[in-house]
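S.K.: There's a structure below that I have some questions on.
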Amino acid sequence: DTAVSQTPKYLVTQMGNDKSIKCEQNLGHDTMYWYKQDSKKFLKIMFSYNNKELIINETVPNRFSPKSPDKAHLNLHINSLELGDSAVYFCASSQGPGQGYEQYFGPGTRLTVT
Amino acid sequence: AQSVTQPDIHITVSEGASLELRCNYSYGATPYLFWYVQSPGQGLQLLLKYFSGDTLVQGIKGFEAEFKRSQSSFNLRKPSVHWSDAAEYFCAVAPRGTASKLTFGTGTRLQVTL
């Protein structure tokens, strides 16, 4: 009965490859997010979707493309992986984008690019 | 530009001792304020949040935080620390009116000695 789940938990790949990370929430939330946590533990928002519509798109390389097939899922596809993409990627969800809605985080996906 | 500062990168306390983790923010108007905890290898869990009202906020696991507008601070406290509280603690802010765009501080790593 995990609230926000991510797959895979670990991902090791070589530079230049394309990979995807999947996120699913069973909380009935309308809004989902992707965050990147770098090696110094700094967390930064990348994207946010509300009802499958992109509402936040921070300064992220075009190689990163989020896709939301439905409200419960938000996937992150990364093309042409680079060494600097190595990080922990967290998915989160909230009831809505407005006030009063806290974000619930998934366990993270540790991506290592070699 | 909005920013969140956690001045202490690493704090060590003895089990049973009191704890205070500092958080200062720079914002045009009082934002929404949050404290999250990240245990090793885990996602983030919300400890408490401040939107309005009483400036002393109670959270889970015996934590509390006090919002001080004059000091632009939102410090986290616990009267008696347990060994299981060892983790990374993040202060975060979001613009008033939306809790979507969280900006995180750099985190404070808490170590608890027995």
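S.K.: Is it true that B:V112 is in contact (Cβ under 8 Å) with a residue 12 or more places away in the chain and of a type in the set (V, I, T)?
M.R.: Numbers: in contact (Cβ under 8 Å) with a residue 12 or more places away in the chain: yes; of a type in the set (V, I, T): yes.
For B:V112, the condition - in contact (Cβ under 8 Å) with a residue 12 or more places away in the chain and of a type in the set (V, I, T) - is met.
S.K.: Condition first: among the small types (G, A, S) and over 14 Å from A:S48 (Cβ atoms). Now tell me which residues in the range A:66-97 satisfy that. Reasoning before the result, please.
M.R.: Taking the range A:66-97 first, the residues among the small types (G, A, S) are A:68, A:72, A:80, A:84, A:86-87, A:92-94, A:96.
Within the range A:66-97, A:A72, A:S80, A:G84, A:S86, A:A87 meet the criteria.
S.K.: Go through the residues of the range B:30-41 one by one and say whether even a single one is out of contact with any Asp or Glu (no Cβ under 7 Å at 6 or more places or on another chain), more than 23 Å from A:K44 (Cβ to Cβ), crowded, with 17+ Cβ neighbours inside 10 Å and modelled with pLDDT of 95 or more.
M.R.: Looking through the range B:30-41, none of the residues is out of contact with any Asp or Glu (no Cβ under 7 Å at 6 or more places or on another chain), more than 23 Å from A:K44 (Cβ to Cβ), crowded, with 17+ Cβ neighbours inside 10 Å and modelled with pLDDT of 95 or more.
S.K.: So, in the range B:85-97, of the ones that are surrounded by fewer than 19 Cβ atoms within 10 Å (Cβ to Cβ) and at pLDDT below 95, which residue ends up farthest from the chain's Cα centre (by Cα)?
M.R.: B:G97
S.K.: Give me the residue from the range A:79-106 that is facing chain B (nearest Cβ under 7 Å) and under 11 Å from the mean Cα position of the chain (by Cα) and, out of that set, nearest to B:Y32 (Cα to Cα).
M.R.: A:F105
S.K.: Hey, any hits in the range A:57-66 for a residue that's surrounded by fewer than 16 Cβ atoms within 10 Å (Cβ to Cβ) and within 24 Å of B:P40 (Cβ to Cβ)?
M.R.: Taking every residue of the range A:57-66 in turn, none turns out to be surrounded by fewer than 16 Cβ atoms within 10 Å (Cβ to Cβ) and within 24 Å of B:P40 (Cβ to Cβ).
S.K.: Another question, if that's okay. Taking the stated definitions as given, is A:D38 surrounded by fewer than 13 Cβ atoms within 10 Å (Cβ to Cβ) and under 30 Å from B:Q6 (Cα atoms)? Let's see the steps before the verdict.
M.R.: Working: surrounded by fewer than 13 Cβ atoms within 10 Å (Cβ to Cβ): yes; under 30 Å from B:Q6 (Cα atoms): yes.
Yes: the conditions hold for A:D38.
S.K.: Could you name every one of the strands (runs of 3 or more DSSP E) located completely within the range B:1-93 that has at least 1 residues being more than 13 Å from chain A (Cβ to nearest Cβ)?
M.R.: Details: elements: B:3-5, B:10-14, B:19-21, B:24-26, B:32-38, B:44-50, B:56-58, B:64-68, B:73-78.
Where strands (runs of 3 or more DSSP E) fall fully within the range B:1-93 and carry at least 1 residues being more than 13 Å from chain A (Cβ to nearest Cβ), they are B:10-14, B:19-21, B:24-26, B:56-58, B:64-68, B:73-78.
S.K.: Under 14 Å from A:Q6 (Cβ atoms) and either away from every other protein chain (no Cβ under 14 Å) or surrounded by fewer than 16 Cβ atoms within 10 Å (Cβ to Cβ) (or both), is that true of A:A72? Working first, answer last.
M.R.: Working: under 14 Å from A:Q6 (Cβ atoms): yes; either away from every other protein chain (no Cβ under 14 Å) or surrounded by fewer than 16 Cβ atoms within 10 Å (Cβ to Cβ) (or both): yes.
Spelling it out, A:A72 is indeed under 14 Å from A:Q6 (Cβ atoms) and either away from every other protein chain (no Cβ under 14 Å) or surrounded by fewer than 16 Cβ atoms within 10 Å (Cβ to Cβ) (or both).
S.K.: Separate question: Out of all the residues in the range A:64-100, which are touching a residue at least 12 places away in the same chain (Cβ under 8 Å), more than 14 Å from A:K36 (Cα to Cα) and assigned to a loop (DSSP other than H, G, I, E, B)?
M.R.: Within the range A:64-100, A:K71, A:A72, A:N79, A:S80, A:L81, A:E82, A:Q95, A:G96, A:P97 qualify.
The values are calculated or read from the model by the stated rules, or taken from the named source; none is laboratory data. The model shown is predicted, which means the values in this text are computed figures rather than measured ones. Virtual Cβ from ideal backbone geometry, glycine too; neighbours counted across all protein chains shown.
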